[in-house]
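One structure below.
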Amino acid sequence: MKTVKVNKHIVSAGDIQRMNAGSGVMHCEYNASKKETIKFSQIWIQPNKMVIKPSYEQKKIPHRDPLTPLVTGKGAKCSLSLIQDASSSRLVLTEQVTFKQIFRKRPV
């Protein structure tokens, strides 16, 4: 006997989605609209540990500051959580706005 679980999710404009696939997962994307084109970014980040439970998280993260965290290692500031010491943010700059980010070296 083989069990197949099929999950379908629509990722609406502005939504952020995070998926831990685990193993043995078949994954694909397609445009649900027959009339509109689609633009999206997909980033694959390898988790920092093996054998993780499959999970899924999706939400709209409102723009708060020029740099808004979207996915972070601990789900900080309303971001989605990630099993890795990494983060991804949205940077929105309007006319006449500048942004400066200082990166600190981490101890080895």
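The values are calculated or read from the model by the stated rules, or taken from the named source; none is laboratory data. Values in this document were obtained by computation on a predicted structure and should not be read as measured data. FYI the Cβ positions are ideal-geometry reconstructions off the backbone, even for glycines, and counts take in every protein chain you see. Heavy atoms of the whole protein, side chains included, go into the accessibility calculation; ligands, DNA and RNA do not. Shrake-Rupley method; radii C 1.70, N 1.55, O 1.52, S 1.80 Å.
Rounded to the nearest percent, how much of the accessible area of the chain (1.4 Å probe, protein heavy atoms only) is carbon and sulfur?
Working: 5570 of 10080 Å².
Carbon and sulfur together cover 55 percent of it.
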Check your understanding: Per Stokes-Einstein, at 4 °C and 1.567 mPa s, what whole-number D in µm² s⁻¹ belongs to the chain, with the Kirkwood radius over Cα pairs as the hydrodynamic radius?
Key -> 78
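Can you tell me the accessible area per residue over the chain, all protein chains present, probe 1.4 angstrom, in square angstrom?
Working: 10080 Å² over 108 residues.
Per residue, the chain has 93 Å² of solvent-accessible surface.
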Point to revise | Cleavage-rule hits (trypsin sites (Lys or Arg not before Pro)) in the range 26-87: DSSP loop, at most 14 neighbouring Cβ within 10 angstrom | key: Lys34, Lys35, Lys39, Lys49, Arg64, Lys74
Study note, to complete from the structure: Counting sequence-distant residues (5 or more places) and residues on other chains, those with an amide H built under 5 Å from that of Ile16 are Lys59, Lys60, Ile61
Check your understanding: If contacts are Cα pairs under 8 angstrom and at least 6 residues apart, what is the relative contact order of the chain in percent?
Key -> 24
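Starting from the range 39-108, pick out the chymotrypsin sites (Phe, Trp or Tyr not before Pro) whose DSSP state is loop and whose Cβ has at most 14 other Cβ atoms within 10 Å. Don't skip to the answer; put the middle values down first.
Values: sites: Phe40, Trp44, Tyr56, Phe99, Phe103; in loops: Phe40, Trp44, Phe99, Phe103.
Here the chymotrypsin sites (Phe, Trp or Tyr not before Pro) that fit, given the DSSP loop and packing criteria, are Phe40, Trp44, Phe99, Phe103.
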Practice item. Report, by chain and number, residues whose modeled amide H sits under 5 Å from the one on Leu80, excluding near sequence neighbours (fewer than 5 apart, same chain). Key: Val71, Thr72
**Study point:** In order through the range 72-81: 3J(HN,Hα) via Karplus (6.51 cos²θ - 1.76 cosθ + 1.60), integer Hz, x for Gly, Pro
**Key:** 9, x, 10, x, 5, 6, 6, 7, 6, 8
Revision key, fill the gap. Karplus-derived 3J(HN,Hα) from phi for the range 58-63 (6.51 cos²θ - 1.76 cosθ + 1.60, θ = phi - 60°), whole Hz, x at Gly and Pro, runs 8, 6, 8, 10, x, 6
